[in-house]
Amino acid sequence: MKQRIIGLTGGIGTGKSTVSDYLNQVYQVPVLDADQYARDAVRQGSPILRLIQQRYGDEILQDGCLNRSRLGEIIFNNPSEKQWLEQQIHPYVRQRIETELSQLKAKIVLVVIPLLFEAKMTALVTEIWVVACSPQQQLRRVMQRDGLSEKEARSRIQSQMSLPEKMARADVVLDNETTVTHLQQQIDQKMRQSSIPDVADP
């Protein structure tokens, strides 16, 4: 039977981690996390971190590690620099995902890729799930979670493809506007509708 590879995406702060944690804990679905691979790409001593240091100078480092706050100030205010950075990181992330997928034998795999569309990685998955909420809710969550000002949060949200555009391209849209329970009920429904017959109810 063909492996089912769910690509989970959405905007920053919409609830991707809540969905992935639930699928992993309740349905034992293996999770591949593009954000984790992106962090690995710029780990201390990595070739990509050296390229970043060459481009932005030693101030981009903090105790030998990437100063993410400083990098964020640069790329979220300069689209061309953001594009340069993504050109360094995305190929690494894609290769890691492809390698992991080739080794996993699970019937269902979840791949969490916040920039699924922007990084042109849709070919890696067999279906696309988007978790969404209202713009007001998203802004509040990003400000609260990351301790950002409204201006900083908006710049991060606006640096990504808009949620309506992602929703239009999705096979499944999960509404995370209200409660976690409501979100989990939607996930349960989609898993029951699975074409794979031995997916058990939680």
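Note on region 143-161: residues that are among the small types (G, A, S) and touching a residue at least 12 places away in the same chain (Cβ under 8 Å) total 3. Does Q186 qualify as being under 20 Å from V31 (Cβ atoms) and touching a residue at least 12 places away in the same chain (Cβ under 8 Å)? Yes. Residues of region 86-117 that are farther than 29 Å from R55 by Cα, among the basic types (K, R) and in a helix (DSSP H, G or I): none at all. Scanning region 54-65 for residues that are within 16 Å of W84 (Cα to Cα) and surrounded by 13 or more Cβ atoms within 10 Å (Cβ to Cβ) turns up R55, Y56, I60.
Restricting T122, T181, T126 to those that are of a type in the set (S, T, Y) and free of Cβ contacts under 8 Å to residues at least 24 places away in the same chain reduces the list to T181.
Of the listed requirements (1) within 19 Å of S20 (Cβ to Cβ); (2) modelled with pLDDT of 95 or more; (3) in a helix (DSSP H, G or I), V173 misses just one: (3).
The set of residues from region 20-36 being in a helix (DSSP H, G or I) and loosely packed, with under 14 Cβ neighbours inside 10 Å comprises D21, N24, Q25, Q36.
Of the residues making up region 37-74, just one is in contact (Cβ under 8 Å) with a residue 40 or more places away in the chain, assigned to a helix (DSSP H, G or I) and either more than 25 Å from I12 (Cα to Cα) or β-branched (V, I, T) (or both), namely I48.
Against the numbered list (1) within 27 Å of I6 (Cβ to Cβ); (2) over 17 Å from the mean Cα position of the chain (by Cα); (3) free of Cβ contacts under 8 Å to residues at least 12 places away in the same chain, P91 comes up short only at (2). Of the numbered criteria (1) over 19 Å from D33 (Cβ atoms); (2) modelled with pLDDT of 95 or more; (3) among the charged types (D, E, K, R), the one R70 fails is (2). Checked against the criterion of being out of contact with any Cys (no Cβ under 9 Å at 6 or more places or on another chain), under 27 Å from Q28 (Cα atoms) and surrounded by fewer than 19 Cβ atoms within 10 Å (Cβ to Cβ), region 135-152 has at least one qualifying residue.
The values are calculated or read from the model by the stated rules, or taken from the named source; none is laboratory data. What you are looking at is a predicted structure, and each value in this text was computed from that prediction instead of being measured. A quick note on method: Cβ atoms are made from the backbone with ideal geometry, for glycine too, and the neighbour counts reach across all protein chains shown.
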